[in-house]
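Asks: Okay, handing you the structure first.
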Amino acid sequence: MDRPLRLVVANPLDALARTLEALLVVASAPLSLDELCAAAEEEQERVDLALGLLGERYAEGRSGIVLEQVAGGWAFRASRDAADACARLFERPVQRGLSQAALETLAIVAYLGPCSRPEVARIRGVAADSAVAGLVERGLIAEAGREDGIGGAVRYRTTPLFERVFGLDNLSQLPRLDDLGDDADMIRDRLHAVSAQRTA
């Protein structure tokens, strides 16, 4: 006797969630809502609903992979439970020999950027060429145009990778200088001095 043919009706929202899941897996950086809508050729409201489904499926404590909103978009990351194992397999960019000079340079670009190597050097009091080159190589900062005038110096800004590594949705989530402790006044004064020179 032939088995009865069963019709499987696919839930369109589930299908969209699977499509978004695939897009997020293959993406090398967080994808914005607009990018997801364009790639999936879907309306924003439906993409929002599908992201909600994925968020439930890939929630902390339910999966080894967690969906998060970071760096102005959506991306997957390893769960906290799996973080130690992942750290043993891969080193995070900021933990791979990032020097004090590089950390200082990264902070200056994050708070003042886009800014140039000469500006970073004026704030730190030492040359910044090596630190800037290292940060560019790691993908934590990138070129963002040039200063005005002939032969204007290249200016740099932080990248989505920087925001992702530090768990920021955008730069407005950086700690306030007032919260940085005893060195805050010195840092603030130096940043304001260079900023005033740029706008003079």
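Readers should treat all values here as calculations from the given coordinates under stated rules, not as data from a laboratory. What you are looking at is a predicted structure, and each value in this text was computed from that prediction instead of being measured. Please note: Cβ atoms are built from the backbone with ideal geometry, for glycine as well, and neighbour counts cover all protein chains shown.
Asks: Kindly write out, for the stretch 57-73 in residue order, the coupling ³J(HN,Hα) from the Karplus curve 6.51 cos²θ - 1.76 cosθ + 1.60 (θ = phi - 60°), rounded to whole Hz, with x marking Gly and Pro.
Replies: Listing the rounded values in order: 5, 10, 9, 4, x, 10, 8, x, 10, 10, 8, 9, 9, 8, 6, x, x Hz.
Asks: To the nearest 0.05, what FRET efficiency results for ARG62 and ASN170 with a Förster distance of 25 Å applied to their C-beta separation?
Replies: 0.40
Asks: Something else now. Just to check I understand the Karplus step: with θ = phi - 60° and J = 6.51 cos²θ - 1.76 cosθ + 1.60, what whole-Hz values come out for the stretch 20-31, glycine and proline as x?
Replies: Result, rounded to whole Hz: 5, 4, 5, 4, 5, 5, 7, 6, 8, 8, x, 9.
Asks: Whole-Hz ³J(HN,Hα) for each residue in the stretch 32-38, computed from phi via Karplus 6.51 cos²θ - 1.76 cosθ + 1.60 with θ = phi - 60°, x for glycine and proline: what do you get?
Replies: In residue order, the calculated couplings are 6, 4, 4, 5, 5, 4, 5 Hz.
Asks: For the residue pair ASN11 and ARG124, what label-to-label distance in nm results when each label sits 7 Å from Cα along the Cα-to-beta-carbon direction?
Replies: 5.2
Asks: Just need the Rg to Rh number for the stretch 12-89, please, alpha carbons only, Kirkwood Rh.
Replies: Expressed as Rg/Rh, it is 0.99.
Asks: ARG146's amide H: which non-local residues (gap 5+, or another chain) put their own amide H closer than 5 Å, with H modeled 1.01 Å from N in plane and none for Pro or chain starts?
Replies: Sorted by chain and number, the residues that satisfy this are ARG155.
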